[in-house]
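Scroll down for the structure; my scribbles are underneath it.
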Amino acid sequence: MTSSSAQLRRLGAELRRLRELTGRTQGDLGAVLGRTHASLVNWERGKTKISKSDLAYLLAELRAPAEVRRGLEELRVAANQGRSPWATYDLPEWMRPLVSFEEDAVRVETFEPVLVPGLLQTEEYARAIHETGHHKVAPEFVDKWVAARMKRQERLSGKRPLKLHAVIPEAVLRLAVGGPDVLRQQLARLHEASTARNITIQVLAGDRNGYGGVASNFLVLHFADPSLDPPLGCFDGPLGGYMISDEGDVATLGSMFKDLSRMALSAKDSTELLAKALAG
């Protein structure tokens, strides 16, 4: 099911496409509609909702065909009225767009310099992180946030499994988050995941010294139709995270990930290293 955030972005992409076809500018349309230039920018970027009357007026100005108008109005209603299935998890404001877009993504590239990526964590490992990170996660939210992380992992299986490519430094495999037993279970999970057809895990061996400049974790989300849904990036730190939509910045993240992938062990060698780490 397409998420609300993804629907808003798709609606915005269609509005931008229609405007560019007519040669109109955001400022021009904003003046006609009695809206600010910023309003048009935010609609086209899928950052804010658009009312029924504004959409109708805008599409009339753009001389959109009747069938296009009906389709975009249906998309507007779905985006404006749809309740996110993630609402029950009380996720922080910054994370809601991530889980929403993640539902619609077809491929995710992720780098974690300190921890196992969330999409590959066991429940015990995730709980240990949330419980010790009390500065970021209040105790009353731990159960819900751990459950949300496990729910996100459902995208890795099923009829339309998400393709995941993760690069993880070797040191992460030795950091006993939650204690030795939790770490062993986590290593077993990583080893099993590394053999899945839709998951690629590469380990940055401890003797590789070329990635010191990448000191923060990040991920890049790719969608089925890049022309309609360009890739997005996301940073996550101790004080929260944020989505990155600027095409140049997202391209830089993609280039950084390619560099890390080239420096890391091959997927096959990484699976063997995980097996050795698990054997202890």
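The values are calculated or read from the model by the stated rules, or taken from the named source; none is laboratory data. Just so it is clear, the model here is predicted, and its values are computed rather than measured. As a convention, Cβ positions derive from the backbone with ideal geometry for all residues, glycine included, and neighbour counts pool all protein chains shown. Heavy atoms of the whole protein, side chains included, go into the accessibility calculation; ligands, DNA and RNA do not. Shrake-Rupley method; radii C 1.70, N 1.55, O 1.52, S 1.80 Å.
Key figures for this structure:
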{"read-out": "Estimated inter-spin distance, Arg107 and Lys159, nm [label 7 Å along Cα→Cβ]", "value": "2.3 nm"}
{"read-out": "Residue-averaged [θ]222 nm for the chain, counting only DSSP H segments that reach four residues, each worth -39500 (n - 2.57)", "value": "-15000 deg cm²/dmol"}
{"read-out": "Equivalent ellipsoid, the chain (semi-axes from 5 times Cα gyration tensor eigenvalues, Å)", "value": "40, 20, 16"}
{"read-out": "Value of D in µm² per second that Stokes-Einstein yields for the stretch 58-111, Kirkwood Rh from Cα pairs, at 10 °C (1.306 mPa s)", "value": "114 µm²/s"}
{"read-out": "Top positive-direction residue, dipole computed over the chain with Cβ charges, set Thr200, Leu173, Phe101", "value": "Phe101"}
{"read-out": "Alpha-carbon Rg/Rh ratio, for the stretch 129-280, with Rh computed the Kirkwood way", "value": "0.96"}
{"read-out": "Hits among lysines - C-alpha to C-alpha of Lys258 under 24 Å, sequence gap 8 or more where chains match", "value": "Lys163, Lys268"}
{"read-out": "Lys, Arg +1 and Asp, Glu -1 on Cβ, resulting dipole of the chain about Cα centre, debye, nearest 20", "value": "600 debye"}
{"read-out": "Shape box of the stretch 47-206 [Cα atoms, principal axes, largest first, Å]", "value": "63, 37, 26"}
{"read-out": "Sequence-distant residues sharing a close amide H with Val106 (under 5 Å, placed H)", "value": "His222, Phe223, Ala224"}
{"read-out": "Pairwise FRET efficiency - Leu175 versus Lys268, Cβ, R0 = 35 Å, nearest 0.05", "value": "0.90"}
{"read-out": "Solvent-accessible area of Asp259 with every protein chain in place, 1.4 Å probe, in Å² to the nearest 10", "value": "60 Å²"}
{"read-out": "Percentage relative contact order, the chain, counting C-alpha pairs under 8 Å, at least six apart", "value": "19 percent"}
{"read-out": "Inter-probe distance in nm under a simple model that places probes 7 Å from Cα toward Cβ, at Glu123 and Ala147", "value": "1.1 nm"}
{"read-out": "Hits among aspartates and glutamates - C-alpha to C-alpha of Lys276 under 20 Å, sequence gap 8 or more where chains match", "value": "Glu170, Asp181, Glu192, Asp207"}
{"read-out": "Carbon + sulfur, % of accessible area of the chain - ligands and nucleic acids excluded, 1.4 Å", "value": "53 percent"}
{"read-out": "Ranking by accessible area, most exposed first, for Tyr57, Tyr89 with a 1.4 Å probe", "value": "Tyr57, Tyr89"}
{"read-out": "Residues of the chain: accessible area per residue with a 1.4 Å probe, Å²", "value": "51 Å²"}
{"read-out": "Cβ charges +1 (Lys, Arg) and -1 (Asp, Glu), total dipole of the stretch 132-280, debye", "value": "500 debye"}
{"read-out": "Difference of contour (0.36 nm per residue) and Cα-Cα distance, Glu20 to Arg69", "value": "16.0 nm"}
{"read-out": "Stretch gain in nm, segment Ser227-His37, where the contour uses 0.36 nm per residue and the Cα spacing is subtracted", "value": "66.1 nm"}
{"read-out": "Calculated on alpha-carbon atoms, Rg and Dmax of the stretch 1-76 in Å", "value": "11.3, 36"}
{"read-out": "Accessible surface ranking that places the most exposed of Glu74, Glu154 first, with a 1.4 angstrom probe", "value": "Glu74, Glu154"}
{"read-out": "Distance in nm between pseudo-label sites at Asn80 and Asp28 (7 Å out along the Cβ direction from Cα)", "value": "2.6 nm"}
{"read-out": "Qualifying lysines (Cα of each under 17 Å from Cα of Lys136; at least 8 residues distant if same chain)", "value": "Lys144"}
